[in-house]
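A short write-up of the structure that comes next.
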Amino acid sequence: MTMWFNTIKKWYTMFPDLYSAESIKVFVVAGYITPQQYKEITGIDYTPAA
């Protein structure tokens, strides 16, 4: 999972117009990152989409 975490974090940082905090939730749902890693990347607590 570390590879995905590093890649997603880089994308989120480099391309803020393409990757929002909301769009990063897809990677948690898919199992690529954990909710804790989501918070580390975005600075926001993970809450599932309604």
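The values are calculated or read from the model by the stated rules, or taken from the named source; none is laboratory data. Every value quoted in this text rests on a predicted model; they were computed, and no experiment measured them. Cβ: placed from backbone, ideal geometry, glycine included. Neighbour counts: every protein chain shown. For accessibility, only protein heavy atoms count, side chains too; no ligands or nucleic acids. Shrake-Rupley method; radii C 1.70, N 1.55, O 1.52, S 1.80 Å.
Are any residues in the stretch 22-45 over 12 Å from Tyr12 (Cα atoms), over 8 Å from the mean Cα position of the chain (by Cα) and not in a helix (DSSP H, G or I), and if so, which ones?
Result: Ala30, Gly31, Tyr32, Thr34, Ile44, Asp45.
Listed here are the residues, each with its yes/no results for (1) touching a residue at least 24 places away in the same chain (Cβ under 8 Å); (2) among the aliphatic types (A, V, I, L, M); (3) on the phi < 0 side of the Ramachandran plot.
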position	(1), (2), (3)
Lys10	no, no, yes
Thr13	no, no, yes
Pro16	no, no, yes
Ser23	no, no, yes
Val28	no, yes, yes
Gly31	no, no, no
Tyr38	no, no, yes
Ile44	no, yes, yes
Thr47	no, no, yes
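If you scan the stretch 10-50, which residues turn out to be charged (D, E, K, R) and open to solvent by less than 80 Å² (accessible area, probe 1.4 Å)? Give the steps one after another, and end with the answer.
In the first step, residues of the stretch 10-50 are kept if they are charged (D, E, K, R); the result is 10, 17, 22, 25, 39-40, 45.
Across the stretch 10-50, the qualifying residue is only Lys25.
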